[in-house]
1. Can you give the extra length, in nm with one decimal, that the chain gains between A79 and N162 once fully stretched, where that is 0.36 nm per residue apart less the Cα-Cα distance?
2. Rounded to a whole number, what % of the accessible area of segment 179-266 do carbon and sulfur atoms account for, probe 1.4 Å?
3. Give me the number: length gained by fully extending L175 to T250, i.e. 0.36 nm times residue separation minus the C-alpha to C-alpha distance, one decimal in nm.
4. At a Förster radius of 45 Å, what calculated FRET efficiency corresponds to the Cβ-Cβ distance of E29 and R300, to the nearest 0.05?
5. So if each residue of separation counts as 0.36 nm, and I subtract the Cα-Cα distance between R239 and S280, what length gain in nm does that give?
6. Which FRET efficiency value, to the nearest 0.05, is calculated for K133 and D191 with the Förster distance at 35 angstrom and r the Cβ-Cβ distance?
7. Within the set K196/K217; K133/K163; K27/K208; K147/K196; K133/K284, which residue pairs have Cα atoms separated by over 27 Å?
8. All other residues with a Cβ under 10 Å from the Cβ of W180 taken together, and with Lys, Arg as +1 and Asp, Glu as -1, what is their net charge?
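The values are calculated or read from the model by the stated rules, or taken from the named source; none is laboratory data. Computed from a predicted structure; not experimentally measured. Note that we place each Cβ from the backbone using ideal geometry, even for glycine, and neighbour counts take in every protein chain shown. Side chains included, ligands, DNA and RNA excluded: accessible areas come from the protein's heavy atoms. Shrake-Rupley method; radii C 1.70, N 1.55, O 1.52, S 1.80 Å.
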Amino acid sequence: MKVDRLVSIIMILLDKERIGAQELAEKFEVSPRTIYRDIDSINLAGIPIRSTSGVGGGFEIMENYKVDRKVFSTTDLSAILMGLSSLSNMGHGEELANALAKVKSFVPADRAKDIELKTNQLYVDLSTCMGNKNIKPYLKLIQTALKENRLLSFDYADRHGNKTARTVEPYQLVLKNSHWYCQCYCCERQDFRLFKLSRITSLQLQEKTFIPREYQKPQLEFPDILESMQTTIIIRIHRSVMDGVLDYCTYEQFEPDGEEHYLVKFPFIENDYNYNILFSFGDKCECLEPPHIREEMKRRIQNIAALYAK
């Protein structure tokens with residue numbers, strides 16, 4: 001992770017008079033180009049790093065400059081610690097512990113309580129109470145592949161359940177709407193693809209490595225497309241499911257309907273995913289308008305009932 005690497009580079013430069021880019025790259029298993037970007041980031045943080053070329057050249061902290069613990073503000077340290085702490089459920093426990101220890105070494109005693117208070121103001125738990133049991137071990141395998149530039153192979157099921165064998169170059173892990181994805185270059189499709197981890201089976205870490213290619217970030221936001229597809233429906237819900245409905249709209253879209261119910265202007269796209277959202281509220285939710293969506297709900301309910309009538 002970048003923060004861990006930056007802090008480690010600073011600690012190395014404090015201990016050594018000079019170190020080369022190649023040596024740092026080999027130590028952190030990244031490219032020299034990445035190290036140069038890291039050095040730029042450290043300079044921007046206010047620590048002047050001098051670069052010398054030629055035999056015996058490398059990076060060093062400028063003479064007569066002493067890094068003190070005030071180089072990071074309370075806000076800086078709180079943000080770094082908050083981010084590292086929030087990764088505690090993603091694995092790499094030893095690396096995380098080392099990173100936290102290094103950052104905490106910059107915390108002055110007179111600001112420790114204030115920084116601890118600010119750090120604890122936000123806690124992000126990325127673990128799940130239940131769900132696909134393969135996700136956590138798969139995350140660890142993918143993180144190893146990302147770190148070592150190793151190929152991954154797996155079987156992948158599309159939304160219709162059709163399975164295909166894939167070999168990929170992994171480039172990025174993505175957490176979107178509580179679901180994990182991996183952006184990879186698919187060797188079979190000869191293009192970048194975003195794979196949902198819950199659809200992956202038989203994940204294997206290959207011995208073969210790859211040279212990273214020009215990376216294409218996944219398209220994760222589709223506000224214009226979604227807005228054009230979205231319509232507003234009227235649903236009547238029991239107050240017991242209000243918390244679940246609020247995951248998809250705001251309280252301003254609620255209107256009381258007696259003491260036990262609400263009428264809700266609910267954002268809706270006519271596809272299986274959104275119909276299943278309505279069904280997830282069971283008999284505590286009724287679609288009132290528009291008529292054609294209400295009729296489609298009835299048709300789907302009849303199909304479900306027919307399954308249990310046999």
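1. Numbers: separation 83, 0.36 × 83 = 29.88 nm, distance 4.35 nm.
That works out to 25.5 nm of additional length.
2. Details: 2790 of 5990 Å².
Taking all protein chains in place, segment 179-266 shows 47 percent carbon and sulfur surface.
3. Working: separation 75, 0.36 × 75 = 27.00 nm, distance 2.29 nm.
Stretched out fully, the L175 to T250 stretch lengthens by 24.7 nm.
4. On the way: r = 52 Å, r/R0 = 1.15.
After rounding, the FRET efficiency stands at 0.30.
5. On the way: separation 41, 0.36 × 41 = 14.76 nm, distance 1.46 nm.
Extra length from R239 to S280 when fully extended: 13.3 nm.
6. Values: r = 30 Å, r/R0 = 0.87.
Between K133 and D191 the formula returns 0.70.
7. Working: K196/K217 15 Å; K133/K163 19 Å; K27/K208 21 Å; K147/K196 20 Å; K133/K284 30 Å.
Check vs 27 Å cut-off fails for K133/K284.
8. Numbers: positive: K136, K176, K196; negative: none.
The answer is +3.
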